[in-house]
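Every read-out reported here was derived from the displayed coordinates using simple, explicitly stated rules and does not represent laboratory data. Only a predicted model underlies this, so the values are computations on that prediction, with no experimental measurement involved. Heads up, the Cβs are rebuilt from the backbone with ideal geometry, glycines too, and the neighbour counts pull from every protein chain shown.
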Amino acid sequence: GAVVSQHPSRVICKSGTSVKIECRSLDFQATTMFWYRQFPKQSLMLMATSNEGSKATYEQGVEKDKFLINHASLTLSTLTVTSAHPEDSSFYICSADGTGASLNIQYFGAGTRLSVL
Amino acid sequence: KQEVTQIPAALSVPEGENLVLNCSFTDSAIYNLQWFRQDPGKGLTSLLLIQSSQREQTSGRLNASLDKSSGRSTLYIAASQPGDSATYLCAVGGADGLTFGKGTHLIIQP
């Protein structure tokens, strides 16, 4: 089956540093990847949609200069949280669309727990 | 904009009971509906995917139904076990992508 690998699974960093999270589709090509954020006891909220070879589309209220997304290949998208602050602490999950827009099926990574001190 | 509501928010039942989790959505123009399981601090495990043309899907002790016209889905868990304890998320797939509910936090008491 389709597997999405997300790395790292957990990261602790000091305030003001930048953190990069990787999302890879291991056995399929993904033209579109998605980045979600989940706060405790809340639902997953879509942050941005990442398309291979083009700029990401950000949801309303998500700062594109703070959350840099790069989708340089059909199997890799990265999310960089720049100048992280404690309020950025959250659970970040990526997913990849491997079956085309008409079926809208996403395969999810295991998530990254970010803690900013 | 699609909105997804899950009821109840939390549920605690003794082992062995059958139970039903509910999901409702506001826009019936969907591609599919998916039920996920999320363990504490972990990612999502896909349980069942129902395409918009289908009425239900079954996997082992799990059965999910979909009534698009009324905007409802249910997840039925038979003979619950302590290992079923987790948060169950309903996600609706449509033109705007996936929209998630807040989940039902399920505890199965041994």
> Kirkwood-based Rg over Rh for the protein assembly as shown (C-alpha set), two decimals?
Replying inline: 0.97
>> Given an 8 Å cut-off on Cα distances and at least 6 residues of separation, report the relative contact order of chain A as a percent.
In response: 36 percent
> Where does the Debye-calculated log10 I(q)/I(0) of the stretch B:8-51 sit at q = 0.15, 0.25 Å⁻¹, using only Cα point scatterers of equal weight, no solvent?
Replying inline: -0.57, -1.16
>> Can you give the local net charge around A:Thr80? Use residues other than it whose beta-carbon is closer than 15 angstrom to its beta-carbon, Lys and Arg +1, Asp and Glu -1.
In response: +1
> Cα to Cα, under 26 Å, and not fewer than 8 places away if on the same chain: which lysines meet these conditions relative to B:Lys68?
Replying inline: B:Lys1, B:Lys102
>> I'd like the antiparallel share, as a percent to the nearest 5, of DSSP beta bridges with both residues in the protein assembly as shown.
In response: 90 percent
> Taking N as the number of residues in chain B, what is its Cα Rg relative to 2.2 N^0.38 Å?
Replying inline: 1.01
> Rounded to the nearest 0.05, what FRET efficiency is calculated for A:Asp65 and A:Phe28 with R0 set to 41 Å and r the Cβ-Cβ distance?
Replying inline: 0.85
>> Need one number: convex hull volume per residue for chain A, Cα atoms only, in Å³.
In response: 100 Å³
>> If you only keep lysine pairs separated by 8 or more in sequence, or across chains, how many in the stretch A:1-114 come under 19 Å at the Cα atoms?
In response: 6
> Taking the protein assembly as shown as a whole, which cysteines find no other cysteine Cβ under 4.7 angstrom from their Cβ?
Replying inline: A:Cys13
